[in-house]
Structures are given as structure tokens and as C-alpha cells.
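What follows is a short report on a single structure.
What follows is calculated from the coordinates using simple rules that are stated; it is not laboratory data. Please read all numbers here as calculations on a predicted model, not as lab measurements. FYI the Cβ positions are ideal-geometry reconstructions off the backbone, even for glycines, and counts take in every protein chain you see.
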Amino acid sequence: MVERVVVVERTYRDSVSMMSASQSASRLVDVDIAMAVSATPLNLELLQRDGFSSAQADAATPADLVIAVRARDADAAEDALETIRAELRGGAPDVDPIQSRPPRSLAAAARRRRDANLAVVSVPGDRAAYECATALEAGLNVFCFSSGFDVGIEAALKRRARELDLLLMGPDCGTAILDGVGIGFANEVQRGPVGIVAASGTGAQQISCLLGTAGVGISELIGVGGRDLSGAVGGVMSAHAISMLGRDPRTECVVVVGKSPDANVASALAHHLGNTGKRAVLAMPEAAIRTPAGVETAGSLESAAVRAAELVGATLELGDPARPPPRPGATRGLFCGGTLRDEALAVFAAAMPDGRRPLAMDHVGGSLGGQDAFIDFGSESLTRGRPHPMIDPGLRDEELARHAADEQVGVILADVVLGRCAHPDPAAGLVAAIESAVTVRGPDAPAFVVSLCGAERDPQGLDRQATLLAGAGAVVARSNAQAARIALAAAGVERVRTSGMGER
């Protein structure tokens, strides 16, 4: 193996751009690892954990950028380095990130690129609000990947964006598709007649990917950040995005997706949807809402996609994967997507007999005994100091192996989420964890059920990921709610009461 570590002094690139460039280089033949990161202490520590060692990197400052590559030979390593350099300079061959003099502020960049209409903000949370405000005043829509600024400031900035007829997507916005261009963890879906407003990134990904299986494309996918539906923010950006889609002649149907909304906010958005005159689906499973004519509610992401497809004249057929035989013992749900975790948890909670309520967890460690538990590995407590599990699912995969080795566990349910900026081969780590469990427990190994969220054109290869998982013995479902129902059957639980969650 050949290792190369290059420090690009006094160069900043946002984390979304660096993730995308790293992903492109990692897919090259004979490249084991390729990554571009800011030289923060945490990132330098992560490089050391991956086995990279460089005195030059040790001397780097947070203002520098580090490119690290491990490949089979020198040529492959150089190809990976050049791929990352090319993406980080925007594909312009005559500009090198080492020698170029980029604008020193967002305002300066806006003055230089007067044709730009979108700013992507991915900086430490305590600086993100300032950059969002600067971008808005420069006349730019904003996609804010960063999180961590005050909710009152978020509300004020969103009201200002509405005044300027601009979008403030975020903070903590993971996914958007604007005019056919994916941003953040977006899937490579086709264009079409359904517009999505999302206070849930993985929820939007699930709906857009399920629609893709029915041949239905997306006009626009506008993320708004998870706090937009709170009482403190009041759904300001969701309402503004709904208005934009209402004016869009390409959008025939509008889907609004979110979780745990404020009841008054959800009700107001339902009536706002009704005023657009578009056919509409409100996918907020936890909210009991009386909707006006023309606005339907969906009890799951799956049912939202099914109904949206029907409203534009298509049929969503999910098929029926082979189901594993029942396995006695506890069920563990280990999820990278928070909304996917919540949906699966709700499917189980609606069917469990009294006294067997599954736990919702955002931490790991310790013994759970025979308790059913569903863990969100994308929670703030489990992403502090580490990449999001959609980028690096290593912790989730380690925990899957640990839970699967527990003889009290009979069923394991997990998700694999594909798309831009996500891990280049998320199935590989999951397969290794499943194979480890089979080695440890043999014929008594748990039943493994995987919810695979992705589109045919995603860079990880949807069919390839499904084949790898099935080859390891996992049951693979394209719908997360369907995966939860399969896991429920494998757990040997009879439905004791009905719910809209997960039903078709």
C-alpha cells in the first residue's frame, strides 16, 4: 500500500464539498481510503485512527486542508489526489487550491459571482448564523448544513428570508434538490411532478426514492431543518416553501414531511397547503390534524409515497421480500436515519402487547437484557466528535455486531441510506458485522432485516448494495415501514391494535 498526506495551507472548503470529493476519490480502482478534511484537532485524530501519520499534518492548523490517501500503488494514489484536487477547485484545470486566492468572505464571493443564487453554509455552529444572514442580505438562498445556533435567531432569519422571497434551508438541513441539483445527502432521483417540503432529511430521501420506484420524479425537494415545525420557529420556512411550490407549474402534488410538529404549526401548514390548490399529502405521523379538502394525511413515509404516486397517476408496487422464520428474543433497531428509526419504532409500538414497549435510545453501551430497543446513531449525543453515521457508519456497525452476539437478541433491524456525500459502500461494514454474528452464534444468529433507502443512479449502486446484503443473509426491503413489519413478524409478535403507522 502507498500512503500520501498533503497539507494545503490556508485553504477552506465546506464539509459537503470535501465529503463529495472524498467519496469520488474513494470509488477509484485500487484506492482503499481517500479523504479531504479541515485540519481541526478532531479530524487529525481521526486520520491517526485510520493509520495515517505525517509530521506535516501534525503541524497543520485548523485554517489548513489535509488530503490523505491510501492506495494499492503510487499511480492510484496520485489519481485519488488529483480527483480530490479537481473537485475542490470546481473542475477548473487552470486553478489549483494551493495557489488560488479565493474570496475571503461570503459577501466577497457573492460580489465576484453575481450569477450565483445559492450559498451553502457549512461552518462551526457559532459562526453559521452570521454567514446565513450575510448570504441572505447578498440576495442568496441558503442551504445551511451547520447546526447549533439559537432557535430565536433561526426564527428571525427565516422571517427575513421570507421578506426577501428567499429560502433559508436549515440550520441542520441535510438534503435538498433544487432545479434538479442535489445538495447534501440527496439521492439521484429523476425530475417529475411531486414537490417535497421536508423538516426531515431521511424522511424526504425515503419518500423521493420510493416515488422513484414508481417512475415518479421530483420537481423540487426543499429541506427546512428539523426545528422549523417547532412552536418557536412556527413553520415559517415550510409555509414559504409551500407557497413557492404552489406557484410552480411543474409541481402537481406537494408532500410535506416532518416529525414531532407543534400541533398549531401542523394545522396552519395543512390549511396553507389547502390554499395552494395543489393536491397535497401531509406526512406527519405523530400529529392529529384536521385537514381541509384536497389535503390528505399519511401515517408513514411509505403511505405518503404511495398516495403521492396515485395522485399523479402512478402506482407504487413494493413487492414482498421473503420473510425469515420467527426468532425468539429481543428486537434491536440500529438506525443512521432518525426519522427512519422513529417510523420503525412506531410500527413496533402499535403492535406490541401491553407491557412490551420498545425503548427509544440515543446512547450506546451497557446491557439491555431482553428489552426491545431502537437507537438513533444520528442523534446529537452520538455524533458529537464524530461524523454522521450516514458518512461513517462504523459505530453503528460495531454496535450491530455487539448486539447480534447477545443470545437474548432474536431480530436486528437496520437501515442503509445511499446518496451523495453518504459512505461510498455502507453495505460492506454491515455485511462484515452480520457475518461476524453468524460466526459467533451459528444457526442461532438473529434474523437480520435491512431497510435500503436509495435510488437506481446513486453512486453506491442500489442493486449492488442489495446484493451484498442479501448475500450475507439479510432480508432487504426498499420501504422502511415494510422492513419494520418484516422484523415484527420475525419477532413473532401478533398485531394487537391497528395504527396508521406503516399501514398501506
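Counting every pair of alpha carbons in the chain, the share spaced more than 36 Å apart comes to 31 percent. A Förster radius of 45 Å, combined with the Cβ-Cβ distance separating residue 82 from residue 364, puts the computed FRET efficiency at roughly 0.70. Secondary structure note: in region 107-311, about 15% of the DSSP beta bridges are antiparallel. Multiplying the residue separation of residue 250 and residue 126 by 0.36 nm and subtracting their alpha-carbon distance yields 40.9 nm. Considering only 108, 288, 76, the residue lying farthest towards the positive end of the dipole of the chain is 288, judged by Cα position with unit charges set on Cβ.
Secondary structure note: in the chain, about 30% of the DSSP beta bridges are antiparallel. Please report, in debye to the nearest 20, how large the charge dipole of the chain is about its Cα centre when each Lys and Arg carries +1 at its beta carbon and each Asp and Glu carries -1 there. In total the dipole reaches around 1140 debye.
Extension gain, residue 28-residue 63: 0.36 nm per intervening residue step, less the Cα-Cα distance, totals 9.8 nm.
Among the trypsin sites (Lys or Arg not before Pro) within region 122-181, not one is in coil by DSSP while having at most 10 neighbouring Cβ atoms inside 10 Å. Candidates 453, 57, 298 compared by Cα position along the dipole of the chain: farthest toward the positive end lies 298, with charges placed on Cβ. Picking from 378, 138, 263, whose Cα lies most toward the positive end of the charge dipole for the chain (charges on Cβ: Lys, Arg +1; Asp, Glu -1)? About the Cα centre, the residue reaching furthest to the positive side is 263. Rounded to whole Å, the principal axis extents of the Cα atoms in region 158-225 read 38, 20, 15, largest first. Annotation for region 338-385: trypsin sites (Lys or Arg not before Pro) lying in DSSP loop with at most 12 further Cβ atoms inside 10 Å of their Cβ are 384.
Spin-label model, residue 288 to residue 312: label points 7 Å out along the Cα-to-beta-carbon direction sit 3.3 nm apart.
Stokes-Einstein at 37 °C, 0.692 mPa s, Kirkwood radius from Cα pairs: D for region 185-321 in µm² s⁻¹? Diffusion coefficient, whole number: 228 µm²/s.
Once the Cα-Cα distance is subtracted from the 0.36 nm per residue extended length, the residue 117 to residue 190 segment shows a gain of 24.0 nm.
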